[in-house]
Amino acid sequence: MAWVADTCLLIDVAEGDPSFGVVSARLLDSKRAEGLTLCPVTYVEMAPVFGGDKTAQDEFLFNLGVAWQEPWSQADTSAAHRAWNDYVMSRRSAKIRKRPLADVLIGAFATRFDGLLTRNPDDFRRIFPKLAILTP
């Protein structure tokens, strides 16, 4: 099927991050043959990296071999709905730290693919314990 690339890896590569750029690129490259895609939320999160220039962003993703046209599905909405409820209930009982909604949406999207490529695995494992996650 495909692996979902988390925003942080793509930004690492786009900005040539001195600490993570090379290892993030290697992880993406290692899964390219299996297919790479991204959540529509990631596409939106990346806009500032390219100054809002969609053409430049699309070219960057194309050159990396990352598909960005995968639509959000009803299954994604259902997975995000369950995960957000569980997260809020756990947060209210002080069991977990605060996470942005974007991580819940990206994780929910990744549940219908092979898994998630990220360098922030703990942000997703608590919310999606069955999700396959690979890190650089």
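The values are calculated or read from the model by the stated rules, or taken from the named source; none is laboratory data. Quick caveat, the model's predicted, so the values are computed rather than measured. Positions of Cβ are generated from backbone atoms using ideal geometry, with glycine treated the same way; all protein chains shown enter the neighbour counts.
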Tell me, which residue of region 42-84 that is assigned to a helix (DSSP H, G or I) and of a type in the set (Phe, Trp, Tyr) is modelled with the lowest pLDDT? 84
Kindly check whether there is at least one residue in region 95-108 that is more than 11 Å from the chain's Cα centre (by Cα), of a type outside the set (S, T, N, Q) and either modelled with pLDDT of 90 or more or on the phi > 0 side of the Ramachandran plot (or both). no
Meets criteria (closer than 16 Å to residue 83 by Cα, exposed (fewer than 15 other Cβ atoms within 10 Å of the Cβ), among the aliphatic types (A, V, I, L, M) and without any contact (Cβ under 8 Å) to a residue 40 or more places away in the chain) for residue 101: yes
Test residue 13 against the criterion of being surrounded by 13 or more Cβ atoms within 10 Å (Cβ to Cβ), of a type in the set (A, V, I, L, M), out of contact with any Gly (no Cβ under 9 Å at 6 or more places or on another chain) and not in a loop (DSSP other than H, G, I, E, B), and give yes or no. no
For a quick check of your reading of the model, give me the residue pairs whose first member lies in region 75-87 and is more than 14 Å from residue 110 (Cα to Cα), whose second is part of a helix (DSSP H, G or I), with beta-carbon atoms closer than 8 Å and at least 6 apart or on different chains. 84/101; 84/104; 87/104
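Results for (1) β-branched (Val, Ile, Thr); (2) touching a Pro at 6+ places or on another chain (Cβ under 9 Å); (3) more than 22 Å from residue 113 (Cα to Cα), shown as yes or no for each residue.
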| position | (1), (2), (3) |
| --- | --- |
| 1 | no, no, no |
| 5 | no, no, no |
| 10 | no, no, no |
| 20 | no, yes, yes |
| 40 | no, yes, no |
| 46 | no, no, no |
| 62 | no, no, no |
| 74 | no, no, no |
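Would you check if residue 50 is touching a helix residue (DSSP H, G or I) at 6+ places or on another chain (Cβ under 6 Å), over 13 Å from residue 105 (Cβ atoms) and touching a residue at least 40 places away in the same chain (Cβ under 8 Å)?
So residue 50 does not fit the description; no.
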Please specify each residue of region 16-38 satisfying the condition of being outside any helix (DSSP H, G or I) and either small (Gly, Ala, Ser) or farther than 16 Å from residue 134 by Cα (or both). 16, 17, 18, 19, 35
Cβ-Cβ below 8 Å, separation at least six or inter-chain, first residue in region 116-134 and closer than 20 Å to residue 35 by Cα, second basic (Lys, Arg): which pairs? 117/31; 131/125; 133/125; 134/31
